[in-house]
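Have a look at the structure below before the remarks.
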Amino acid sequence: MYSLANKRVLLGVSGGIAAYKSAEVVRRLQDLGATVRVVMTAAATDFITPLTLQALSGNPVHTKLLDTKAEAAMGHIELAKWADVILIAPISANFMAKLASGEASDLLSTLCLASRSLLAVAPAMNQGMWKNPSTQKNIGYLRSRGIHIFGPAEGSQACGDTGPGRMIEPKDIAELTADLFETGSLAGIKVVITAGPTREAIDPVRYISNNSSGKMGYALAEAASEAGAETILISGPVNLKPPSRAKTVYVTSAREMHIAALEEAVDCQLFIACAAVADYRPVNQSEQKIKKSKDEITINLIKNPDIVADIAALTNRPFTVGFAAETPQTKDCLEIYAREKLERKNLDLVIANDVSGRTMGFDSDDNAVLVVETSSSEAIPKTSKTILSRQLIAKIAQMLKITNKTL
Ligand code: C5P
């Protein structure tokens, strides 16, 4: 199954008769779940109106590099960063020459130069222009730079010629675009992820909390979205930008996180408990700030609900993944602790990490984990939380498929 769920496609349209087909390219990309923004060259607007592509894509169409109004809404560098893939369909012989020479003479060529995302092009031109050694040299060069070339097809052309140079069909362009991405492995799946610490109020200004930065949970939410999932991130208080493709629900205390998790988990197929939930909260929360008149005070604590265990106990439970941040005395202890958690909380998977050092785990950008399931375990060596999250999501997607809980 092809999927572009949660993927952002910047569709570039250059000037040629095949530009009329770009309307259908927008549609076919959307069919696969993509969000599409369109950039047109000046010549393309002679073949199809920006209004048509604006109506179909649901987003303003960008045509000029120096357009103050468009720049105020989404500047060209921002647009270049927004895209997961820039797809130019159709790409004319002229625009291919521009790309090959690294020009930045209009909006689309500037975007291609500024962007670090994937770049794919679907050529469309007269067969003579396609066969011309200059065009072939440009194609060879673009290919050598890792630019994906879709087509062209052979057949009768608008000019009356027959030969290579027809743009391939919009459906094929959309499917080849989907093929550029490794995953889509969680397309159609709703994922709920908890992240960050919780704060348990003592009085209006004081609380009990922990060192969790939320980075791991946020990276997992990004990776789950990348893999095509509808992602809900339930976050405790952190200093991180919300992931752009997930819905973020902010909570403060463990009890608020518990309520939000049970509500969101009703129709989810995957639950990942990454939050460092405070195990205890003060029995009473003073309504007034506690005065420091006494030398000693006692705060009685009561256990918080175990969110992940409650989710795993639901009748129609999702595939449930827990985390275990431990300070084990020996390497073997980490697995023993994780396995104990797996069984006690009735989880499908526990991702354990050693937080004794300061370079990994809490508040760090890197992590190394031990992935523990009922019958086996696998160590994933130290890497960035972004890469680790992608590896974990790929593994979970594989397990979901095998257990057939969802797909
Ligand atoms: O019991 P412990 O805190 O060691 O278990 C850690 C795992 O349980 C993590 O996945 C954490 O998100 C989850 N947890 C929870 N609710 C709690 C405590 C932990 O969901 N009250």
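Points to keep in mind about this one:
- Nearest-ten-degree value, helix 133-144 long axis tilted from longest Cα axis of the chain: 10 degrees
- Axis angle, to the nearest 10 degrees, between helix 331-344 and the longest C-alpha principal axis of the chain: 90 degrees.
- Centroid-to-centroid, using Cα positions, region 116-164 and region 175-200 are 34 Å apart.
- Pairs with C-alpha atoms separated by more than 32 Å, drawn from the list Lys294/Lys341; Lys341/Lys385; Lys98/Lys382, are Lys294/Lys341; Lys98/Lys382.
- Inter-centroid distance (Cα atoms) of region 208-255 relative to region 363-406, Å: 17 Å
- Exposure proxy ranking for Leu262, Leu51, Leu56, based on other Cβ atoms within 10 angstrom of each Cβ and starting from the fewest, stands as Leu51, Leu262, Leu56.
- Relative exposure of Met129, Met257, judged by other C-beta atoms within 10 Å (fewest first): Met129, Met257
- The Kirkwood hydrodynamic radius of region 8-178, based on inverse pair distances between different Cα atoms, is 15.7 Å.
- Only helices enter this figure: runs of n ≥ 4 DSSP H residues, each worth -39500 (n - 2.57), summed and divided by the residues of the chain, yield -10000 deg cm²/dmol at 222 nm to the nearest 500.
- Region 279-343 and region 1-60 have Cα centres spaced 50 Å apart.
- Folded to 0 to 90 degrees: helix 170-179 orientation relative to the chain principal axis, Cα: 40 degrees
- For region 302-316, Karplus couplings with θ = phi - 60° (6.51, -1.76, 1.60), whole Hz, Gly/Pro x: 10, 5, 7, x, 8, 4, 5, 5, 5, 5, 5, 8, 5, 4, 9
- Per-residue Cβ neighbour rank within 10 angstrom, fewest leading, Glu326, Glu373, Glu103: Glu103, Glu373, Glu326
- The lysines whose alpha-carbon is closer than 17 Å to the alpha-carbon of Lys21, local same-chain residues fewer than 8 away aside, are Lys171.
- Phi angles of region 225-240 translate, via the Karplus equation with coefficients 6.51, -1.76, 1.60 and θ = phi - 60°, into HN-Hα couplings of 5, 4, 7, x, 7, 7, 10, 10, 10, 9, 10, x, x, 9, 10, 10 Hz per residue; Gly and Pro are given as x.
- P(r) tail for the chain: Cα pairs beyond 31 Å make up 50% of the total.
- Sites listed here are trypsin sites (Lys or Arg not before Pro) in region 259-317 whose DSSP assignment is loop and whose Cβ has at most 11 other Cβ atoms within 10 Å: Lys289, Lys291, Lys292, Lys294.
- Proximal aspartates and glutamates relative to Lys64, as straight alpha-carbon distance under 13 Å, when same-chain residues fewer than 8 apart are discounted: Asp106
- Taking the chain and dividing mean pair separation by its residue count, relative contact order in percent (alpha carbons under 8 Å, at least six apart): 12 percent
- Placing unit charges on the Cβ atoms only, positive for Lys and Arg and negative for Asp and Glu, gives the chain a dipole magnitude near 480 debye about its Cα centre.
- A simple rule links phi to the HN-Hα coupling: the Karplus curve 6.51 cos²θ - 1.76 cosθ + 1.60 with θ = phi - 60°, which for region 98-110 gives 4, 4, 5, 8, x, 5, 9, 9, 8, 4, 5, 5, 5 Hz, with x for Gly and Pro.
- Whichever aspartates and glutamates have a C-alpha closer than 13 Å to that of Lys345, once near sequence neighbours (fewer than 8 apart) are set aside: Asp306, Asp310, Glu373
- Projecting the Cα atoms of Ala18, Gly33, Ala229 onto the dipole axis of the chain, where Lys and Arg carry +1 and Asp and Glu carry -1 at the beta carbon, places Ala18 farthest toward the positive end.
Read the figures in this text as sums done on the coordinates, not as results from a lab. Quick caveat, the model's predicted, so the values are computed rather than measured. FYI the Cβ positions are ideal-geometry reconstructions off the backbone, even for glycines, and counts take in every protein chain you see.
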